[in-house]
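No lab work stands behind these numbers, since they all come straight from the coordinates. None of the values given here were measured: they were computed from a predicted structure. No Cβ is skipped: glycine too gets one built from the backbone with ideal geometry, and neighbour counts run over all protein chains shown.
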Amino acid sequence: MKFIKKLAAVASAAALALSLAACGDDAGSADDKIVIGIKFDQPGLGLKVGDGYEGFDVEVAKYVAKELGYEENQIEFMEAPSPQRENLIMGGQVKLIFATYSITDARKEKIDFAGPYFIAGQDLLVSVDSDITGTDSLDGKKLCSVTGSTSAVKVKEQVPGVQLQEFDTYSKCVEALANGSIDAVTTDDVILAGYAAQEAYKGKLKVVGAPFSEERYGVGLKKGDTELCNNVNAAIQKMFDDGSWAAALEKTVGDSGYVLPEKPALDSCG
């Protein structure tokens with residue numbers, strides 16, 4: 001009988017160990033890694049280059065992850081396209097998302113945000129010889145944005161006469177602009193500046209420079225995780241204070257001529 005009880009105890013302990021190991025497989029719950037969502041196709045912000053990643057969002061993600069206890073080799077970056085971001089967080093595939101992710105009331109119904117760590121303004125990218133000078137000259141023009149983005153929603157509201165085309169990535173929009181099949185691309189000015197500065201588009205595309213919105217970039221995370229939100233905010237504030245934030249911006253988008261904005265005030269969590 002004692003042997004049977006001992007065997008049962010061993011089996012129970014083994015089952016518990018397997019259960020804990022399984023729980024540790026979700027994004028970021030294992031001590032040895034954290035899964036972070038970023039864009040893979042946004043120059044200057046989130047760009048996959050070979051086996052590596054670069055851009056301002058990537059730099060902020062690395063800094064925050066380190067403050068949370070993860071070294072760079074413990075970060076697993078996952079692509080987070082605009083229409084999929086909330087689902088990636090709610091489904092547990094990622095722990096955090098740094099992907100030019102505007103904080104909105106609609107999104108806050110499903111997830112929470114830390115930050116904001118950056119404030120951008122929506123603008124237009126056009127060819128250098130375009131006669132488009134702002135939203136007031138978009139009527140009847142072919143305009144591209146990304147499905148699920150706040151940019152597409154705003155343009156529909158402001159310019160009912162625009163011919164809006166929605167792709168799944170901004171890079172496809174920029175390619176269409178470069179080959180002349182659309183007249184303009186709209187999204188946040190810092191994203192557009194990153195594209196305009198690319199070698200393939202230098203001297204061919206320009207940012208209009210007439211922003212018509214305010215986009216507050218936050219860090220997406222699971223709803224109700226106030227402790228994580230506070231820890232991320234503390235890391236962002238440290239990045240502001242020690243000069244790393246400004247250095248990251250200069251390193252990633254400084255060459256585009258983009259005027260670096262002021263550091264934003266952080267929202268409270270919970």
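Computed quantities for the displayed model
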quantity	calculated
Partner lysines for LYS251 [C-alpha distance under 21 Å; skip if fewer than 8 residues away on the same chain]	LYS39, LYS48, LYS62, LYS66, LYS202, LYS206, LYS238, LYS263
Length gained when the stretch LYS66-LYS223 is fully extended (0.36 nm per residue, less Cα-Cα span)	54.3 nm
Ranked ASP242, ASP112, criterion: other C-beta atoms within 10 Å, fewest first	ASP242, ASP112
Axial C-alpha extent at least 27 Å, average Kyte-Doolittle at least 1.0 - helices from the chain (DSSP)	2-23
Normalised contact order of the chain, rounded percent, pairs of Cα under 8 Å and 6 or more residues apart	25
Cβ-Cβ FRET estimate between ALA247 and LYS156, R0 fixed at 30 Å, reported to 0.05	0.20
Pairwise centroid distance, computed over Cα atoms, of region 209-254 with region 32-83, Å	13
Over the chain: helical MRE at 222 nm, DSSP H runs n ≥ 4 each giving -39500 (n - 2.57), nearest 500	-10500 deg cm²/dmol
ILE119, ILE97 arranged by Cβ crowding within 10 Å, fewest neighbours leading	ILE119, ILE97
Relative contact order %, region 35-109, counting alpha carbon pairs below 8 Å whose residues are six or more apart	40
Antiparallel bridge percentage (DSSP; both residues within the chain; nearest 5)	60
Inter-site label distance for ASP139 and MET78 at 7 Å from Cα along Cβ, in nm	4.6
Förster radius 35 Å - calculated FRET efficiency between GLN93 and ALA265, Cβ distance, rounded to 0.05	0.70
Partners for LYS204 among lysines (Cα-Cα distance below 22 Å; same-chain residues under 8 apart left out)	LYS141, LYS142, LYS172
Cα-based convex hull, the chain, per residue volume (Å³, whole number)	148
Over region 122-207: Kirkwood hydrodynamic radius from C-alpha pairwise inverse distances, Å	12.5
Point-to-point label distance, LYS172-ASP31, nm (Cα→Cβ direction, 7 Å offset)	4.3
